[in-house]
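First up is the structure itself, then whatever we jot down about it.
The values are calculated or read from the model by the stated rules, or taken from the named source; none is laboratory data. Note that the structure is predicted; figures quoted are calculated from it, not measured. Note that each Cβ is placed from the backbone with ideal geometry, even for glycine, and that neighbours are counted across all protein chains shown. When the accessible area is computed, the model is the full protein with side chains, heavy atoms only, and any ligands, DNA or RNA have been set aside. Shrake-Rupley method; radii C 1.70, N 1.55, O 1.52, S 1.80 Å.
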Amino acid sequence: DAGITQSPRHKVTETGTPVTLRCHQTENHRYMYWYRQDPGHGLRLIHYSYGVKDTDKGEVSDGYSVSRSKTEDFLLTLESATSSQTSVYFCAISESEGRTLHFGNGTRLTVT
Amino acid sequence: KQEVTQIPAALSVPEGENLVLNCSFTDSAIYNLQWFRQDPGKGLTSLLLIQSSQREQTSGRLNASLDKSSGRSTLYIAASQPGDSATYLCAVGGQAGTALIFGKGTTLSVSS
C-alpha cells in the first residue's frame, strides 16, 4: 500500500470553527489531491497540488484552502466550517500526470 | 463537461459467476481511465489503469476494456468470490493536468 496517512481519522466540530486536515505521504510523489465523497455525488475534487507551493482549484473549492510547504505534506483548511462540509475527505497521490492514483483511508468530518 | 455514469448502481450475484460492470462517459477525448475498488469505511484501491491508446488491461481475474469512440469501459470479473464484494468506481482522466472525474460506483455483493 502506498504510504499515505490522513489525520485525524474522525473529527466533530461546530459550525464556524476552523478545521485543518492533514495528508502525509512517504512516497515522494509530486501530485497530491483532496477529494470529498458524499452520497449521491460521488467523489469530487476540492484542490490539488503539482509541487511544493503549487496548487490549483478543483470542482468544489469554495470554502476550502490548501497549503503544501513540503513534498510530503498537503493540508486542507476549512476556514469557517459549515454543515454542508460534513463529508468524508480523501487525500490521494500520484507519481505524475496520468499515473495511478493512490488514496488514503479518509477523514470523516462532522460539522454540527 | 465530462460526466461518468455507472450502471447498475448495485448488483448481487452468487459465488462463481462471471460478471461485467459498466462505465460510460460523455466526452471521448480522455487521457486515461481507472477502475477502483472501495471497501466500506476505507479509501479507494486502484485496480486497473487504461491509457487512452490502449484497449484493455488485465490483472488476475480482472479485465478492463476501453472503447473511446463509444464512450464506454467495462470491468469483467471472472469467477466471482465473496471477497470481491465492494463498491467499484471508474474514473476518467481528461487531458493531462486535469483531474479525474468519478462515477458514483456499482456496489457488488457476492454471496457464498
Among the residues of the stretch A:68-88, which ones are of a type in the set (A, V, I, L, M), free of Cβ contacts under 8 Å to residues at least 60 places away in the same chain and buried (at least 21 other Cβ atoms within 10 Å of the Cβ)? A:L76
Test A:Y31 against the stated conditions and say whether it is touching a Gly at 6+ places or on another chain (Cβ under 9 Å), closer than 16 Å to A:Y89 by Cβ, touching a residue at least 12 places away in the same chain (Cβ under 8 Å) and not charged (D, E, K, R). no
From the list B:A99, B:A86, exactly one residue is open to solvent by less than 40 Å² (accessible area, probe 1.4 Å), of a type outside the set (S, T, N, Q) and over 21 Å from A:E59 (Cβ atoms). Which is it? B:A86
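Residues checked against (1) more than 14 Å from chain B (Cβ to nearest Cβ); (2) crowded, with 19+ Cβ neighbours inside 10 Å; (3) farther than 24 Å from B:L48 by Cβ:
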position	(1), (2), (3)
A:T26	yes, no, yes
A:R44	no, no, no
A:V66	no, yes, yes
A:F90	no, yes, no
A:S94	no, yes, no
A:L109	yes, yes, yes
If only one of A:T13, A:T26 is over 20 Å from B:Q38 (Cβ atoms) and without any contact (Cβ under 8 Å) to a residue 60 or more places away in the chain, which one is it? A:T26
Find the residue count for the stretch A:46-57, including only residues that are within 11 Å of the chain's Cα centre (by Cα), open to solvent by less than 20 Å² (accessible area, probe 1.4 Å) and over 22 Å from B:G41 (Cβ atoms). 2
Is it the case that B:S80 is touching a residue at least 60 places away in the same chain (Cβ under 8 Å) and outside any strand (DSSP E or B)? yes
